[in-house]
Amino acid sequence: RRLETIAHAWLMPRKGIHPLLHKLTVVATNGATHRVRTSVKQLGDYLFLALDANNHPAYTGRVIKGPATGQAAKFKRKFDFLNQGVTAGKKR
């Protein structure tokens, strides 16, 4: 009997320590809306998504190419002027 009382007390949430929950409307990129509860109160209570399952590369399979920032891109930017002269000579 004592074990049941301890387990019951452990499962019951403590009062006064949980944050208030606010309702938030999440708007997807295709215009679909979903109501969720959150502890963060936002101005206007709307959250507009820039990426979701409709346009994220992991879900769609499309690859989004960003600006090249690696060492090869740095080399290309630095010495691209040399390649332009060679290309112009080959076209003649």
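The values are calculated or read from the model by the stated rules, or taken from the named source; none is laboratory data. Treat the numbers as computed from the prediction; the structure is a model and nothing was measured. With ideal geometry, Cβ positions are generated from the backbone for all residues, glycine too; neighbour counts draw on all protein chains shown.
When Asn83, Asn55 are checked against the criterion of being at pLDDT 80 or above and more than 30 Å from Pro19 (Cα to Cα), Asn55 stands alone in meeting it.
Output the residue which, of all residues in segment 23-35 that are of a type outside the set (Lys, Arg) and in contact with a helix residue (DSSP H, G or I) (Cβ under 7 Å, 6 or more places away or on another chain), is surrounded by the most Cβ atoms within 10 Å (Cβ to Cβ). Top of the filtered list is Leu24.
Restricting the search to segment 36-61, which residues are basic (Lys, Arg) and surrounded by 10 or more Cβ atoms within 10 Å (Cβ to Cβ)?
Filtering segment 36-61 down to residues basic (Lys, Arg) leaves 37, 41.
Hit for segment 36-61 is Lys41, nothing else.
Those residues that are part of a helix (DSSP H, G or I) and in contact (Cβ under 8 Å) with a residue 12 or more places away in the chain, I need them from segment 23-71; list them, please.
Within segment 23-71, the first condition is being part of a helix (DSSP H, G or I), and the residues that meet it are 43-45, 57-60, 71.
Passing the criteria: only Asp45.
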